[in-house]
Amino acid sequence: MTTKPDCKIIRPKTSYDGKQGFSYFEGIAAETAGSTGVCMHLLTIPPGGKAKAHKHENHETAIYVISGEAHTWYGDQLEKHVIVKAGEFFYIPAGMPHLPANLGEQPCVAVIARTDPNEQESVILLPELEALVKVAP
């Protein structure tokens, strides 16, 4: 007998350290909700916070910034740059190298959703790109 998935409320009690160098609040994922096609987490980037260069090989990412702003460098050599501000959405296609950072004085709070239900499985670190972005962490 196959059990049918059910709705779940996730009440974040803990955070976890992602490979990217940030701490994420526990959210919707295969591990917490049994999801099979999406994960969604809350991220707070502290002032001066900077992630490691990385990509999600086969999974898209959608971000909504609740407060603050984040600088993101992206592209094969992190040659492109965008500033995503509160109230804005940001889309990152699968396989796109990127590196976010908070260069402001206020925390940046964002909701992040990916098409990978296992939050950390598709994270590929790209240390060879780290030196291409000159920001003080």
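The values are calculated or read from the model by the stated rules, or taken from the named source; none is laboratory data. Here the structure is a predicted model, which is why all the values come from computation and not from measurement. Ideal geometry is used to build each Cβ from the backbone, glycine not excepted, and the neighbour counts take in all protein chains shown.
Brief remarks on what is shown
- Residue that is among the polar types (S, T, N, Q), touching a Pro at 6+ places or on another chain (Cβ under 6 Å), in a loop (DSSP other than H, G, I, E, B) and within 30 Å of Pro5 (Cβ to Cβ), where the choices are Thr36, Thr44: Thr36
- Of all residues in the range 19-34, none are loosely packed, with under 13 Cβ neighbours inside 10 Å and not aromatic (Phe, Trp, Tyr).
- If you go through the range 49-58 and keep only what is in a strand (DSSP E or B) and more than 14 Å from Val133 (Cα to Cα), you end up with Lys55, His56.
- Scanning the range 97-132 for residues that are closer than 12 Å to Ala53 by Cα and either surrounded by fewer than 16 Cβ atoms within 10 Å (Cβ to Cβ) or in contact with a Pro (Cβ under 8 Å, 6 or more places away or on another chain) (or both) gives Ala101, Ile124, Leu125, Leu126, Pro127, Glu128, Leu129, Glu130, Ala131, Leu132.
- In the range 48-87, the residues that are surrounded by fewer than 19 Cβ atoms within 10 Å (Cβ to Cβ), closer than 20 Å to Gln106 by Cβ and modelled with pLDDT under 95: Gly48
- The set of residues in the range 59-100 that are aliphatic (A, V, I, L, M), out of contact with any helix residue (DSSP H, G or I) (no Cβ under 6 Å at 6 or more places or on another chain) and part of a loop (DSSP other than H, G, I, E, B) comprises Ala86, Ala94, Met96.
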